[in-house]
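Read the structure below first, then the notes.
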Amino acid sequence: MDGLRIAYLSCNGQRQLDPSQLAALGQVDVALISFENGSGGSAVHGAERARDLMQQLVARIVVPLGHHYAEMEFTNHIVAEVAGGKVETVDRELALGGSDLKGAGQRVVHIAPTLAP
C-alpha cells in the first residue's frame, strides 16, 4: 500500500525511543514490536517494553512478535492495556487495507502461527 510506514523493532532493549529516533521514524502506521527484549530478562519485562514503545509510537496497528506462544499468551494482557484491553488473534496472515488505518486507538494483532509452542 503506497505511503504505508512500517516500523520493525526486533529484540529491542529500549523502553523508550529518544527524540531523534522518533523524528527519524515519523508517523508510524504499523509497528512490529518484539516481546523479546534483547537484553535478557523475563517475558513480562519484554512485554512491558513493548507496551511502552506502543504508547510512544501511537501506531494504528501493532503486531507483537515473539518466539514462544506460551510466553505471549501469558503477557498479552500487558500490551492489551494500550488497545483498550483487547488483543486480536489472526491465523496465518494479516492483510491490511486503507480502512484498517482509520479510526481512533490502536489495534494489537497477534499472528498466532508465527510462534513456536
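Here is how the numbers come out for the structure above:
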| quantity | calculated |
| --- | --- |
| Tabulated pairs, segment 92-103, first in contact (Cβ under 8 Å) with a residue 60 or more places away in the chain, second part of a loop (DSSP other than H, G, I, E, B) and surrounded by 10 or more Cβ atoms within 10 Å (Cβ to Cβ), C-beta under 7 angstrom, 6+ apart or interchain | Leu96/Met1; Gly98/Met1; Leu101/Asp29; Leu101/Arg60 |
| Selection from segment 10-48 of residues that are out of contact with any helix residue (DSSP H, G or I) (no Cβ under 6 Å at 6 or more places or on another chain), closer than 28 Å to Gly97 by Cα and modelled with pLDDT under 85 | Ser10, Cys11, Asn12, Ser34 |
| Residue count for segment 1-35, restricted to those that are among the small types (Gly, Ala, Ser) and either surrounded by 12 or more Cβ atoms within 10 Å (Cβ to Cβ) or in contact (Cβ under 8 Å) with a residue 24 or more places away in the chain (or both) | 5 |
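The values are calculated or read from the model by the stated rules, or taken from the named source; none is laboratory data. Quantities reported herein were computed from a predicted structural model and do not represent experimental measurements. Because the Cβ atoms are built from the backbone with ideal geometry, glycine has one as well, and the counts that use them run over all protein chains shown.
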